[in-house]
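No lab work stands behind these numbers, since they all come straight from the coordinates. Predicted model only: the values in this text are computed from it and were never measured. With ideal geometry, Cβ positions are generated from the backbone for all residues, glycine too; neighbour counts draw on all protein chains shown.
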Amino acid sequence: MDPVRRRALQAAAALPLCFAKLAWAQNAGSRAPGALGYLPWWMAAGWETLRLANLDRLVLFDAPILPDGTLHGRDWRQLAPGLIAHAERATVALELALTLLQEGDFNRVFGDVAARGRLLAACTRQLAEPYIAGLHLDIEGYDSAAARAIAGFRSWLAALEERSRSVGKRISAFFPASDSFAAYDSSSARRLDYWVAQLYDAHWPESKVTGPLVTRRDGNPVAVPRALARLEAIGVPRHKVLLSVPLYGWQWPSESEQPGATALGKARLLTFARTPRSLMPNDRLVATELAKLHGLRRDAEHTPYYAYREGAQWLQGWYEDLASLTLKFAPERSGGYAGLAFFPLGYDQGDLVEGMLRWWRSPGS
């Protein structure tokens with residue numbers, strides 16, 4: 001018997017309550033995903049205000065992968081007191097997001113045998129946690145990775161799948177919108193239980209021009225059809241793919257008030273709705289309030305934005321709302337996709353999440 005499974009079963013025999021929680025995590029994790037939310041650690045203390053009833057998966061965001069292959073762990077029992085017990089009662093699967101977001105770290109971690117071993121050991125310990133239903137890989141890259149690192153990653157993923165299956169847990173992944181990052185292949189499509197397709201950040205903080213977060217326009221690397229085609233190309237079936245929905249936006253200093261104007265600096269974060277000051281003391285720009293104050297505009301794809309002068313400087317704020325997202329995702333609603341994934345929970349007071357789920361679940365409307 002695998003030593004990880006042996007330890008889990010021994011602990012369960014000694015503590016019946018732990019066994020019950022392990023069974024809950026396994027059963028919740030086995031359900032097909034339809035509605036997923038990413039709960040960021042900085043918003044975790046306010047989880048009771050997030051209206052989680054319509055979600056069947058909650059991804060705890062995040063456990064960063066360090067360059068030596070170790071994990072920067074967070075104590076979610078302290079970050080979100082009561083959440084684990086609530087998820088158990090509601091049979092909501094809790095998964096832990098492992099993040100690797102810095103350019104170059106992919107090569108450092110997966111190109112090194114020792115680092116891969118440390119990461120596999122850290123993942124094994126997380127899989128043994130009774131409340132964790134699975135691990136969610138948010139491993140991103142937007143440049144070509146080294147062949148050695150790609151080969152190392154794929155062998156590591158095979159070992160991780162074996163470990164996860166042995167304890168009845170699940171492995172999933174966020175799939176970055178990049179034409180050059182080729183870490184995942186057809187074998188990955190068979191190893192992972194489901195995928196979240198990156199369909200946002202068609203424009204990002206360092207974009208050279210202003211514009212929407214989600215687009216269907218040809219030529220944009222994050223365009224919805226182009227991003228989904230990458231998953232089809234490696235053999236991922238649609239019923240294993242969730243569409244990502246942004247609950248945030250960006251405000252750029254810009255050359256003019258026109259859509260697509262030259263951005264004159266890095267954007268500032270917008271939240272869709274107001275967030276608690278205790279959880280986000282520094283990010284106080286609210287997209288919907290600013291649009292109401294300065295006048296709501298829409299581009300050709302019905303994307304909401306606002307523009308106004310501050311002295312001699314133009315500012316443009318872009319985000320997504322129910323009107324824009326339902327238009328942009330309409331072709332996929334009846335296309336056999338699994339559901340929707342919202343990032344990050346807490347930025348919309350639940351309004352956009354609930355509205356999108358009602359729309360998604362009523363394809364005849």
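What to note about this one:
- Taking a ≥ b ≥ c as the square roots of the eigenvalues of the alpha-carbon gyration tensor, segment 181-265 is classed prolate because a/c is 1.5 or more and a/b outweighs b/c.
- Sum of side-chain charges, Lys208 neighbourhood, beta-carbon under 12 Å (Lys, Arg +1; Asp, Glu -1): -1
- Qualifying GluC sites (Glu not before Pro) in segment 41-133, where qualification requires a DSSP coil assignment and no more than 16 other C-beta atoms within 10 Å, comprise Glu103.
- Around Tyr184: net Lys/Arg minus Asp/Glu count, Cβ-Cβ under 14 Å: -2
- The gain in end-to-end length when the Leu279 to Arg238 segment is fully stretched comes to 11.2 nm, 0.36 nm per residue minus the alpha carbon separation.
- 22 Å Cα-Cα reach of Lys328 towards lysines, excluding residues that sit fewer than 8 places from it in its own chain: Lys240
- Efficiency of FRET between Lys292 and Ser144 - r from beta-carbon atoms, R0 45 angstrom, step 0.05: 0.55
- Under 19 Å from Lys208, Cα to Cα: lysines that are on another chain or at least 8 residues apart: Lys266
- Model label sites at Arg190 and Ala151, defined 7 Å from Cα along the beta-carbon direction, differ in position by 2.0 nm.
- Calculated mean residue ellipticity at 222 nm for the chain: -10000 deg cm²/dmol, from DSSP H runs with n ≥ 4 weighted as -39500 (n - 2.57), summed, divided by the residue count and rounded to 500.
- Cα centroid of segment 34-70 to Cα centroid of segment 152-171, whole Å: 21 Å
- Annotation for segment 282-318 versus segment 206-220: alpha-carbon center distance of 16 Å.
- Segment Ala182-Lys208, extension gain: residue separation times 0.36 nm, minus the distance between their alpha carbons: 6.8 nm
- In this rough spin-label picture, where each label sits 7 Å from Cα along the Cβ direction, the Ala158-Glu103 distance is 3.1 nm.
- Exposure proxy for Trp195, Trp252: other Cβ atoms within 10 Å of each Cβ, ordered fewest to most, give Trp195, Trp252.
- HN-Hα J in Hz across segment 320-329 - Karplus 6.51, -1.76, 1.60, θ = phi - 60°, x for Gly and Pro: 10, 9, 4, 5, 6, 5, 5, 5, 6, 9
- Neighbour net charge for Gly364 - beta-carbon separation under 13 angstrom, K R +1, D E -1: +3
- Taking the Cα atoms of segment 183-333, the ratio Rg/Rh between the radius of gyration and the Kirkwood radius comes to 1.03.
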